[in-house]
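Working notes, beginning with the structure itself.
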Amino acid sequence: MEWQRVPPGRILTPDDKSLPAWAAGMTAADFVARGPHLSELWTPALVLDERALLGNAAFLAEWITGRGLELMPHGKTTMAPQLWRLQLDAGATGLTLATPWQVRVARSTGIREIMLANQLVDPHALDWLGADLAAHGGRVWTWIDDEAGLDALAAAPAAQPWDVLIELGRPGGRTGVRTVDAARALADRARATPGVRLAGVAGYEGAVAHGRSDDALAGAGAFVRDLVTLHELLLPDYDDPSDAIVTAGGSAFPDIVADILTDAAARLPGRFVIRSGASLIHDEGYYRSVSPFDGAGLRPAARAIARVVSAPEPGLVLLDAGKRDVAYDLDLPVPIGIAGEITGVNDQHAFLRTSEHIAVGDRVQLGLSHPCTMLDKWRLIPVVDDLTTHDPVIVGLVETRF
């Protein structure tokens, strides 16, 4: 099935940042049918590369499923139902999300198999989700790291038991029960809680290890092995061990995570799930520096297009893309094809230090870092056929739901 290149029925308006003025009032489909080019976009702009999107989605799904594992990519990275469908069409078996509202967005688009990578404790969200599951079916797994979370589920009306995954964490880390023993105790409590089904274990190795140093790789591996140990301890407690989930992240450490989960899948019952959300977009910053697949299966699928609006002194030009347009939380953007460095960003400006002659009005492509903070600044994102070509054709528009 070909992925949906445009949101159906979407009418373009002046609110759609970067699109040419002549597009206002057209449907997204009619705009794309005219074959506009990248050079027709106003700046600043964010663009996606279709060839990279399709290649990344296919590569990751094949790499994971070829090891007997499952992929439930983290949808909060893109919050784009079109891209979620692309990943599901490529072989993902479900979707991971971070908040109840994100779950509602996904369920409203027909996605039924969802993992909520947080405790579900909002009473309004619990009421809604219980009713939605009763009306439309499917499964939603929610993470648990506290007895209060279990109590919230037990108090919520539901037509079927709530599926819970015990989340393992680390001291000083983010969420998650801090030790395997404490996780085991919480699992015992879950088994005794009415209306709750113990359905597996979960964790995020990226919260406890960073970079590709030997210590980071060892730390990530030790964490995932603890997840497997916890799962093995809980096998007698599951209603159906073959349906129990063991899940880790896998964006920065896919090789480490997959090796350990593949070994576990060969000897233990269960569903072994990787949730990598960053791999679909990849990047030209942090994930390029840590992923073993950069240039060998994954390539960056997003870039910003900016224009020089000022050249106030030798060696400095100012671009019209800033914090409201580009990701900047992990690394600053990097100029593509220009010897220089982005040294800072303001709300609507980027400072480019360069020895090259760049004139006011020139356009500059920017490589970006951290997919999770790239797309949230854009409601509608043009998709080009291939960013490596000169002035590529716009072949689609992706709508986000942030």
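The values are calculated or read from the model by the stated rules, or taken from the named source; none is laboratory data. Just so it is clear, the structure is predicted and the values come from calculations on it, not from any experiment. Reconstructed Cβ throughout: ideal geometry from the backbone, glycine too, with neighbour counts over all protein chains shown.
Summary table
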| read-out | value |
| --- | --- |
| Long-range neighbours under 6 Å by Cβ, at least six apart or interchain, first residue exposed (fewer than 13 other Cβ atoms within 10 Å of the Cβ) within the range 1-29, second outside any helix (DSSP H, G or I) and of a type in the set (A, V, I, L, M) | P14/A24 |
| Residue list for the range 50-97, filter: crowded, with 18+ Cβ neighbours inside 10 Å, out of contact with any Ser or Thr (no Cβ under 7 Å at 6 or more places or on another chain) and of a type in the set (G, A, S) | A52, A57, A61, A90, A92, G94 |
| So A158, is it modelled with pLDDT under 95, more than 24 Å from P254 (Cβ to Cβ) and surrounded by 15 or more Cβ atoms within 10 Å (Cβ to Cβ) | yes |
| Leading residue by the ranking (surrounded by the most Cβ atoms within 10 Å (Cβ to Cβ)) among those in the range 350-385 that are within 27 Å of the chain's Cα centre (by Cα) and more than 14 Å from A304 (Cα to Cα) | C372 |
| Residues satisfying the stated conditions in the range 314-340, i.e. crowded, with 22+ Cβ neighbours inside 10 Å and touching a Phe, Trp or Tyr at 6+ places or on another chain (Cβ under 9 Å) | V317, L319, D325 |
| Within the range 183-210, tally of residues that are small (G, A, S) and closer than 20 Å to H74 by Cβ | 7 |
| Residue within the range 172-186 that is more than 16 Å from L227 (Cα to Cα) and at pLDDT below 95 present | yes |
| Residue list for the range 46-69, restricted to those being touching a strand residue (DSSP E or B) at 6+ places or on another chain (Cβ under 7 Å) and either touching a residue at least 40 places away in the same chain (Cβ under 8 Å) or of a type in the set (K, R) (or both) | L46, V47, L48, D49, E50, N56, F59, L60, I64, L69 |
| Condition check for L48: among the aliphatic types (A, V, I, L, M) and either outside any strand (DSSP E or B) or within 25 Å of I144 (Cβ to Cβ) (or both) | no |
| The range 324-341, residues that are under 28 Å from G211 (Cβ atoms) and either within 25 Å of the chain's Cα centre (by Cα) or in contact (Cβ under 8 Å) with a residue 60 or more places away in the chain (or both) | D325, V326, A327, Y328, D329, L330, D331, L332, P333, V334, P335, I336 |
| Residues located in the range 248-273, provided they are modelled with pLDDT of 95 or more, of a type in the set (A, V, I, L, M, F, W, C) and under 17 Å from L217 (Cα atoms) | A248, I256, V257, A258, I260, L261 |
| The range 286-313, residues that are among the small types (G, A, S), surrounded by fewer than 21 Cβ atoms within 10 Å (Cβ to Cβ) and without any contact (Cβ under 8 Å) to a residue 60 or more places away in the chain | G295, A296, S310, A311 |
| Residue within the range 92-102 that is within 25 Å of A265 (Cβ to Cβ) and small (G, A, S) present | yes |
| Qualifying residues in the range 165-194 (those that are β-branched (V, I, T) and touching a Gly at 6+ places or on another chain (Cβ under 8 Å)) - the one nearest to A98 (Cα to Cα) | T175 |
| First in the range 76-103 and assigned by TED's automatic domain parsing to the domain that holds G137 and in contact (Cβ under 8 Å) with a residue 12 or more places away in the chain, second anywhere and of a type in the set (K, R) and crowded, with 22+ Cβ neighbours inside 10 Å, Cβ under 8 Å, 6 or more apart | T96/R275 |
| Subset tally (residues that are over 20 Å from A258 (Cβ atoms) and either in a helix (DSSP H, G or I) or acidic (D, E) (or both)) for the range 176-214 | 12 |
| Residues of the range 72-91 that turn out to be over 13 Å from the mean Cα position of the chain (by Cα) and not in a helix (DSSP H, G or I), as a count | 1 |
| Flag if T175 is surrounded by fewer than 22 Cβ atoms within 10 Å (Cβ to Cβ), of a type in the set (S, T, Y) and within 25 Å of E113 (Cα to Cα) | yes |
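Each row is one residue, and each column tells you yes or no for (1) touching a Gly at 6+ places or on another chain (Cβ under 8 Å); (2) buried (at least 18 other Cβ atoms within 10 Å of the Cβ).
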residue: E113; (1), (2): yes, no
residue: Q119; (1), (2): yes, yes
residue: D127; (1), (2): no, no
residue: A134; (1), (2): no, no
residue: G138; (1), (2): no, no
residue: W141; (1), (2): yes, yes
